[in-house]
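The structure appears right after this line, and notes come after that.
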Amino acid sequence: MNRFISTDPNNLRIAQILDANLDRAREGLRVLEDWARFGVGKDELVKELKNYRQLLGKHHLKEYKDSRNFTKDTSTGLSHREQQKRKSINSLISANCSRVQEALRVIEEYSRNINVELSSLSSKIRYEIYQIEITLLNYSSNKELIEVLLKNNLYFISNQSPKVHQIIESVLKGGIKIIQHRFKDGSDFQNLQDAIKIRQLCTIHDALFIVNDRVDIALACNADGVHLGQDDIDISSARRILGFSKLIGVSANKSSEIKSAIRDGADYLGIGPVFETPSKKEKIPLGIKKIKEITQDVSIPFFIIGGIKQENLPILKMNGFRKVALISEIANSVNPQEKAIMLIKQLENEN
């Protein structure tokens, strides 16, 4: 490590610049670290950011700090109107990533001839921050989507039919905020066109759009996520394709499947069938008692599914289940919009 002790005015000015920007970079890293810890709960990211902050602290030499008041900083307290426009977490993350990158660039240039190790370290961290910003923004976007899952109790699953777009638009008008669509037949081209149309409808109504099974279609239409069965692509592979900004839901009907899905990073679960259902004739109904047993320690949002009708919602609510996924009960109703309104009210009602 090159160090200097000099009374040369230029060297002292450089030391003052390094002191200011080391403080600035470490402060920005701490803002990012705290969001990684408390905002998205990602321990590995917390460790990485903390390590960078500590490494820069190690290089914050006494002679840099001693030069802090060498010249008077006439810009102290100076702000910019753009700082007042940071209304969202994402804008806060991006602003602090930029702050860190800019400070590190200054450190890299000014320390090049007096502290080669610090200059090299600053360059390395600066490039890593580009990826960290993307990762944090993705995690934050995913967190916003999960909030929708937590806030809403009714999840509608649609199947292919000539009236599918009409039905989906109707239930969206009825207040449903989570739509999953299943593709079982037809060409990939037509299925993608349908997905794009459903994506547009969900965007208009500020609702989530989840694609069943087809990770490729989910990616191509910019859906909010994908729902996987036990025989579909594994969660890790789906995550590599979709990234962390998208939701991944998993169907499960026993404890081992639930634990495995949570361990592998599923964002939510579909658990069932509760009752007999024509869509899953091969599945033996679990019943309310069994579902209570296997979900008592579930730490992520889950929706129960299978043969659920409006008339059995009261018993489900009595047993603590308010989040349900429905198919035919809504799709086959005379007026899907009115049915959606009634179901939402019934699920939210405390009685």
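Checking the range 43-51 against the condition returns no match, with no residue being under 19 Å from the mean Cα position of the chain (by Cα), at pLDDT below 90, outside any loop (DSSP other than H, G, I, E, B) and not acidic (Asp, Glu).
Among the residues here, ILE258 qualifies as closer than 22 Å to ILE178 by Cβ, in contact (Cβ under 8 Å) with a residue 40 or more places away in the chain, in contact with a Leu (Cβ under 9 Å, 6 or more places away or on another chain) and β-branched (Val, Ile, Thr). Considering (1) touching a residue at least 60 places away in the same chain (Cβ under 8 Å); (2) assigned to a helix (DSSP H, G or I); (3) under 25 Å from SER299 (Cβ atoms), the lone condition that ALA103 does not fulfil carries the number (3). In the range 172-201, the residues that are under 21 Å from GLU338 (Cβ atoms) form Cβ pairs under 8 Å with partners that are acidic (Asp, Glu), at six or more places apart or across chains, as follows: GLY174/GLU338; LYS177/ASP206; LEU201/GLU169.
Of the residues examined, ARG112 is one that is among the basic types (Lys, Arg) and at pLDDT below 95.
Of the residues examined, ASN11 is one that is at pLDDT below 95 and not hydrophobic (A, V, I, L, M, F, W, C). Right, ASN159: more than 13 Å from the chain's Cα centre (by Cα), surrounded by fewer than 19 Cβ atoms within 10 Å (Cβ to Cβ) and in contact (Cβ under 8 Å) with a residue 40 or more places away in the chain or not? Considered against the rule, which asks whether it is more than 13 Å from the chain's Cα centre (by Cα), surrounded by fewer than 19 Cβ atoms within 10 Å (Cβ to Cβ) and in contact (Cβ under 8 Å) with a residue 40 or more places away in the chain, ASN159 comes out as yes. Consider the range 304-349 and keep the residues that are outside any helix (DSSP H, G or I) and among the small types (Gly, Ala, Ser). The one that is modelled with the highest pLDDT is ALA325.
You will find that of LEU172, LEU92, LEU136, LEU145, the residue that is part of a helix (DSSP H, G or I) and surrounded by fewer than 18 Cβ atoms within 10 Å (Cβ to Cβ) is LEU92 and no other. Checked against the criterion of being at pLDDT 95 or above, assigned by TED's automatic domain parsing to the domain that holds GLN101 and either over 25 Å from the mean Cα position of the chain (by Cα) or surrounded by fewer than 15 Cβ atoms within 10 Å (Cβ to Cβ) (or both), the candidates LEU22, LEU61 yield just one match: LEU22. Does the range 126-133 contain at least one residue that is farther than 30 Å from ASN332 by Cβ and either in a loop (DSSP other than H, G, I, E, B) or aliphatic (A, V, I, L, M) (or both)? Within the range 126-133, one or more residues are farther than 30 Å from ASN332 by Cβ and either in a loop (DSSP other than H, G, I, E, B) or aliphatic (A, V, I, L, M) (or both).
Scanning the range 178-228 for residues that are small (Gly, Ala, Ser) and under 21 Å from ASN142 (Cβ atoms) gives ALA195, ALA207, ALA218, ALA220, ALA223, GLY225.
The values are calculated or read from the model by the stated rules, or taken from the named source; none is laboratory data. Source: prediction; values computed, not measured. Positions of Cβ are generated from backbone atoms using ideal geometry, with glycine treated the same way; all protein chains shown enter the neighbour counts.
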